[in-house]
Structures are given as structure tokens and as C-alpha cells.
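None of the figures in this text is laboratory data; all of them are computed from the coordinates on show. On a predicted model such as this, the values are computed, not experimentally measured, just so you know. Neighbour counts run over all protein chains shown; Cβ positions are idealised from the backbone, glycine included.
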Amino acid sequence: MNESIKILMVDDHPMILDGYKNILNKSLGEKKNLLIDFAFNCEDAFNKIETSLNTSPYHLIYLDVSLPPAKKLKILCGEDLGIKIREISPQSKIIIMTMYSENMRIYNLMKNIKPEGLLIKTDVNPLEFLSSFEKVIAGNLYYSQTINEMLRNQFINELVLDPIDRSILFHISKGVKTKDLAGIVNLSLPAIEKRKRNIKEAIGVKQGGDLVLVDKAKELGFL
């Protein structure tokens with residue numbers, strides 16, 4: 001009897017997920033029983049993962065970083081979702097697939113989620129995608145070429161934005177004023193202003209207001 005592997009693929013582009021699924025099925029479909037589910041946003045993914053815990057948790061979760069948020073669950077992006085997965089389904093392995101290759105962004109993903117696999121989408125071809133699957137399922141780590149180069153050259157900047165920082169950025173990007181954030185993130189106004197200063201320093205915003213901060217955060221993939 002073929003080995004069953006339960007997989008969740010999370011991306012807001014259905015055609016990309018179809019491509020991933022086809023690669024695995026064509027290469028491994030006769031050897032393994034691949035049970036593949038799709039989710040297109042944070043809320044759908046979280047609900048599927050939570051439901052799976054009642055029967056059989058996912059062995060492997062492919063996770064994009066840029067995903068529609070689940071505001072009621074306070075999951076604002078794929079990174080937040082990855083942190084939640086670690087909390088509620090620690091046995092699930094995670095492979096992050098992202099377009100973002102900035103050093104700080106990659107460091108945050110590695111530090112906050114500790115994924116078993118981390119692939120820059122522009123690095124990946126069908127053979128590498130398949131190789132990453134086999135390595136991670138076997139219990140190994142797998143990083144694509146760009147990630148390995150960063151690690152070898154020690155280019156990664158050890159500055160981390162935590163979920164509160166990302167929540168502040170998210171709400172600022174939606175037009176919420178700093179003075180109104182206290183009721184949303186449960187911090188005092190001075191604490192919020194201090195975090196904003198730290199965020200600006202961390203992502204390299206030396207001057208300018210909220211619009212400049214939001215633009216830079218989007219450029220680095222935090223929004």
C-alpha cells in the first residue's frame with residue numbers, strides 16, 4: 001500500500017497551486033498517496049489546519065507569505081499564519097514559497113517560523129520543487145539557491161519585526177492614525193511611538209511620515 005502524505009498548499013493564485021500539485025502527482029503519484037488540499041487566504045488555511053487536528057494533521061504545509069488576511073483571527077499575512085501553525089500544529093512541516101528575497105525579510109521568516117524549507121519562487125524549477133519536497137518529508141532542511149547564498153555570505157540582518165510590529169504596520173497602511181492604535185494593539189501611545197521609531201530604524205526609513213514607512217514595508221514584503 002502506498003504511503004499517504006497529507007499536504008496543504010496555501011497561495012492566493014490558484015494556477016500556481018495547480019502547478020505545484022501537478023509536479024508532485026506526475027513525479028510521485030504512483031509511489032505515494034498524496035492527499036493535497038488548497039487554501040487561498042489566511043482564514044481558509046487556518047480553518048483547514050484547525051479542522052485537520054481532529055482527524056489527521058497535515059504532514060506538510062506549503063505557505064506563501066503574501067496572503068489575504070484573517071483580521072478577526074489577527075492573522076495578517078502568511079508569516080503570522082506560519083507562527084500560528086507552529087503553535088497549533090507543531091508536527092506539521094512548513095515549506096515557505098515567496099517572491100521576497102530581501103535579507104531582512106528572509107531573516108524574519110527564518111527566525112519567527114523556523115521553516116523546514118524556504119524557497120524563493122524565482123529560484124524554483126520543477127526538479128528543485130520536487131527535491132525540496134523529498135528532502136523535507138525525509139526530515140531534512142531545504143533552502144533554495146538565493147537563501148543558501150545569503151547564509152554563506154552572512155548577509156542576513158538580525159533585526160526582527162514581531163507580530164505587534166506587523167500589526168502596527170498593517171493598521172497604519174489601512175489609514176489608522178497613531179493616536180488611535182492604542183485601542184487596537186493594547187499598548188500605550190508612548191509604547192506605540194517607540195515601536196514605530198524602532199520599525200523605521202530596522203527597515204531603513206531615516207525620514208518621512210507614515211506613507212514613507214508603509215511604502216518601505218510593502219517593498220520589503222511586510223505588507
Open item on the list: Can you give the FRET efficiency to the nearest 0.05 for ASP162 and THR122, using r as the Cβ-Cβ distance and R₀ = 30 Å?
Closed with: 0.60
Task: Estimated inter-spin distance, LYS74 and GLN145, nm [label 7 Å along Cα→Cβ] - done: 4.1
Open item on the list: Only counting other Cβ atoms within 10 Å, I'd like ASP44, ASP180 sorted with the fewest neighbours first.
Closed with: ASP180, ASP44
Task: For peptides 112-123, 26-37, sequence by mean Cβ density within 10 Å, most packed first - done: 112-123, 26-37
TODO: Note the full-extension length gain between SER4 and SER56 as 0.36 nm times their separation in residues minus their Cα-Cα distance, in nm to one decimal.
DONE: 17.6 nm
Task: the chain - charge dipole about Cα centre, Lys and Arg +1 at Cβ, Asp and Glu -1, debye rounded to 20 - done: 560
TODO: Given the options PRO90, PRO190, PRO57, state which has the largest fluctuation in a GNM of the chain using a 10 Å cut-off (strictly under) for Cα springs.
DONE: PRO190
Open item on the list: Please give the Cα centre distance for the range 31-64 versus the range 188-202, rounded to the nearest Å.
Closed with: 36
Open item on the list: With the crude spin-label approximation of a point 7 Å out along Cα→Cβ, what separation in nm comes out for GLU102 versus ARG197?
Closed with: 2.2
Task: Cβ-Cβ FRET estimate between HIS13 and GLU87, R0 fixed at 22 Å, reported to 0.05 - done: 0.25
Task: In nm, spacing of pseudo-spin labels at VAL212 and LYS135 (7 Å Cα→C-beta vector) - done: 4.0
Task: Burial order of peptide ranges 181-188, 216-223 (average beta-carbon count within 10 Å, highest first) - done: 216-223, 181-188
- [ ] Would you work out which of ILE172, PHE46, TYR142 lies farthest towards the positive end of the dipole of the chain, given +1 charges on the beta-carbon of Lys and Arg and -1 on that of Asp and Glu, about the Cα centre?
- [x] ILE172
Task: Segment LYS26-LYS179, extension gain: residue separation times 0.36 nm, minus the distance between their alpha carbons - done: 49.6 nm
